[in-house]
Amino acid sequence: METSAPAASTGSIKQTAELAQAFKALADPTRVQLVSIIARQPGAEACVCDLTEPVSLSQPTVSHHLKILVDAGLLAREQRGRWAYYSVVQDRFSVISGALTDLSGMPGR
């Protein structure tokens, strides 16, 4: 995904759709909490096995939320033996931040 142009104002339809998918993924409080937990870990990565207890959800439910975040490009997934490890895709959050900054500079009513 191209990260140089803010998707909200100058991006293509594809970039705008990707941005909307990211916002949709972050619309769930559990997913925001998972991203926050992972971002605070050493190396900004965490094993799914370490994410169930902090959010008080079962492993299949946590895995479902993580899949949505991966599909939105917000997290990356790496299989290591039996467990999956998730890491924050910093470039994606930079695009989101840029889009929000772009929107905050729009003239008001």
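No lab work stands behind these numbers, since they all come straight from the coordinates. Not measured: the values here are computed from a predicted model. Here the Cβ positions follow ideal geometry from the backbone for every residue, glycine too, while neighbour counts run over all protein chains shown.
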R0 of 25 Å, Cβ-Cβ distance Arg80-Val32: FRET efficiency to nearest 0.05: 0.50
Cβ-based exposure ranking for Val89, Val70, in which fewest neighbours within 10 Å come first: Val70, Val89
Prolate/oblate/rounded call for the range 12-61, Cα gyration tensor, a/c under 1.5 rounded: prolate
FRET efficiency for Asp71 and Cys49, using Cβ-Cβ distance with R0 set to 22 Å, rounded to 0.05: 0.55
His64 paired with Ser94, simple spin-label distance in nm, labels 7 Å along Cα-to-beta-carbon: 3.4 nm
Full-stretch length increase - Thr101, Phe23 - with 0.36 nm per residue and alpha-carbon distance subtracted: 26.6 nm
Relative contact order (percent, whole number), the range 26-105, Cα cutoff 8 Å, 6+ residue spacing: 30 percent
